[in-house]
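Right, I'll just put the structure down here and ask away after.
The values are calculated or read from the model by the stated rules, or taken from the named source; none is laboratory data. These numbers come from a predicted model, not from an experiment. Here the Cβ positions follow ideal geometry from the backbone for every residue, glycine too, while neighbour counts run over all protein chains shown. Each accessible area value is taken on the protein alone, full model and side chains, heavy atoms only, with ligands, DNA and RNA left out. Shrake-Rupley method; radii C 1.70, N 1.55, O 1.52, S 1.80 Å.
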Amino acid sequence: MLDRAPQQRPPGLAGTLRERAGPLVFTTLAVAIAAAAGSVFEAMREPEPIVAGPGVTRHYMLGERAADLTGGPGDTPVFELVGKEPGATVMVLGGTHPQEIGGMLAAVLMVENVTVKKGRLLIVPQANRSGFGHTDPMEAHLHSFEIDTPGGPRWFRVGMRLTNPADQWPDPDIFVHAPSGEGMVGHEVRNLNRVHPGRANRWLTSRVSAALTGLASESDIVFDLHEAQPEYPVINMMVVHERAFETAATAVAALQARRIPMGLAASPKNLHGLSHREFGDFTKAEAMLAETANPAMGRFRGRTGTDLVVEGRDSGYEKAALLNRLFVKFDHNGWPLRVRVARHIATVEEVVNAWNELHPDNTIELENIPPYKDVSQKGLGMFLRPPPAARS
């Protein structure tokens, strides 16, 4: 006799509900997590406030110079400070690489404090604004940080060196720079400091570059403010186009006399896409880039918290310094943000002084520049305007 498989009874209502409960709970949790994550990402689009100081004569968006950027993720504030007398034009870029926050904050302090007696100063604190809308994946970076001021805390974003992939995607396997034809790894297509001089009819980062190149073409000096990890050899240094070398060398000598160590390097002629090369080649401006030490960007760091991002302290870097693995000194004092910002501002100040010395017939006179000693010792909050409104 053949054995027959036992017949299964229908599960009934209770069994059916149990079978369906698992997928339903899982789906509900997935939707809740996605909604929560989405709200975090959407909040990163909120622009941090930059307060126009008394020297700002005009404030507009970069989209005014390039209509296809208007209202989009590449549109970014431009602050113009014009003196009563005509003179030279200086352009200062911060936030080309958004996680290099010392450059961005140096530009912000200049916007909120400096006045121009003669000439014209253009400041773009967030050159790649799209990059402020995300952070480096898998690096556990802060989304934002705060600086205390007498009028209340001011908050700023950390960001990431590349344009947000939500705004420009996909990356090619190989990025071919135009017009040089130099090949680079694909993600550099989203690196603002690899796509200069840009093209007005291409992808987002290239269009931003083209608009900035237009501003640079109106300038006598272009200064791009950056930061680098302490283990990077090009640090506490200016990299300059060959036409800018005399001005930069004069400025470096003045900085050294003020006991502010600063190196000087020539822009490599065969390394393309960088501001110190392309702005010098494609505009009349003397193009320069400056680097300060940011331990929050490096490989030897520990937890990336406020103590590291703002105060610049990290025990891992203290150990690396003892092993001679760094290109700057690093002790328990670290490299505070206030010192890095003070260095950038002092560098711009001395470059302007050098330009005026070498070009007496076309000078620019800046006033109320935050002093190096005061910024580095008293802190950034003493030179930031009160917050315009409470953060939402």
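With part of a loop (DSSP other than H, G, I, E, B) and either crowded, with 24+ Cβ neighbours inside 10 Å or at pLDDT 95 or above (or both) as the only criterion, which of ALA107, ALA127, ALA140 stands out?
ALA127
Can I ask one more? Which of the residues that make up the stretch 281-295 are surrounded by fewer than 24 Cβ atoms within 10 Å (Cβ to Cβ) and either without any contact (Cβ under 8 Å) to a residue 40 or more places away in the chain or not in a helix (DSSP H, G or I) (or both)?
Correct list: THR283, LYS284.
What is the residue count in the stretch 120-137 for residues that are over 16 Å from THR70 (Cα atoms) and out of contact with any Ser or Thr (no Cβ under 6 Å at 6 or more places or on another chain)?
The number of residues fulfilling the criteria is 10.
Would you be able to say whether some residue in the stretch 302-310 is closer than 30 Å to VAL208 by Cα and among the small types (Gly, Ala, Ser)?
no
Does GLU182 meet the test of being surrounded by fewer than 18 Cβ atoms within 10 Å (Cβ to Cβ) and within 25 Å of LEU105 (Cβ to Cβ)?
Here the answer is no, as GLU182 does not meet what is asked.
Turning to a different aspect of this structure: Which residue out of LEU192, LEU162 is out of contact with any Asp or Glu (no Cβ under 6 Å at 6 or more places or on another chain), crowded, with 23+ Cβ neighbours inside 10 Å and without any contact (Cβ under 8 Å) to a residue 60 or more places away in the chain?
LEU162
What single numbered condition from (1) within 27 Å of MET382 (Cβ to Cβ); (2) buried (at least 18 other Cβ atoms within 10 Å of the Cβ) fails to hold for LYS117?
For LYS117, the failing item is (2).
It is to be established whether one or more residues within the stretch 358-371 are among the polar types (S, T, N, Q) and not in a loop (DSSP other than H, G, I, E, B).
Scanning the stretch 358-371 turns up no residue that is among the polar types (S, T, N, Q) and not in a loop (DSSP other than H, G, I, E, B).
Restricting to the stretch 34-90, count the residues that are open to solvent by 30 Å² or more (accessible area, probe 1.4 Å), closer than 30 Å to PRO386 by Cβ and not in a loop (DSSP other than H, G, I, E, B).
Of the residues in the stretch 34-90, 10 are open to solvent by 30 Å² or more (accessible area, probe 1.4 Å), closer than 30 Å to PRO386 by Cβ and not in a loop (DSSP other than H, G, I, E, B).
Filter the stretch 296-346 for residues that are part of a loop (DSSP other than H, G, I, E, B), within 25 Å of ARG157 (Cβ to Cβ) and of a type in the set (Lys, Arg); which is most open to solvent (accessible area, probe 1.4 Å)?
The selected residue is ARG303.
While we're here: Would you say VAL176 is touching a Pro at 6+ places or on another chain (Cβ under 9 Å) and among the aliphatic types (A, V, I, L, M)?
The answer is no for VAL176.
When the residues of the stretch 253-263 are filtered to those that are more than 13 Å from GLU349 (Cβ to Cβ) and in contact (Cβ under 8 Å) with a residue 24 or more places away in the chain, which remaining residue is surrounded by the most Cβ atoms within 10 Å (Cβ to Cβ)?
GLY263
Which of the residues that make up the stretch 311-325 are small (Gly, Ala, Ser) and farther than 11 Å from ALA296 by Cβ?
Within the stretch 311-325, SER315, GLY316, ALA320, ALA321 qualify.
Can you say whether GLU146 is under 17 Å from GLY312 (Cα atoms) and at pLDDT 95 or above, as far as the supplied structure shows?
Against the criterion (under 17 Å from GLY312 (Cα atoms) and at pLDDT 95 or above), GLU146 qualifies.
Another question about this same structure. How many of the residues in the stretch 264-280 are surrounded by fewer than 20 Cβ atoms within 10 Å (Cβ to Cβ) and of a type in the set (A, V, I, L, M, F, W, C)?
So the count comes out to 4.
State which residue is farthest from PHE79 (Cα to Cα) when the search covers only the stretch 213-229 and only residues that are open to solvent by 10 Å² or more (accessible area, probe 1.4 Å) and not hydroxyl-bearing (Ser, Thr, Tyr).
Checked the stretch 213-229; the qualifying residue farthest from PHE79 (Cα to Cα) is GLN229.
Return the residue satisfying two criteria in turn: it lies in the stretch 235-248 and is open to solvent by less than 40 Å² (accessible area, probe 1.4 Å) and not in a strand (DSSP E or B), and of such residues it is nearest to HIS344 (Cα to Cα).
ASN236
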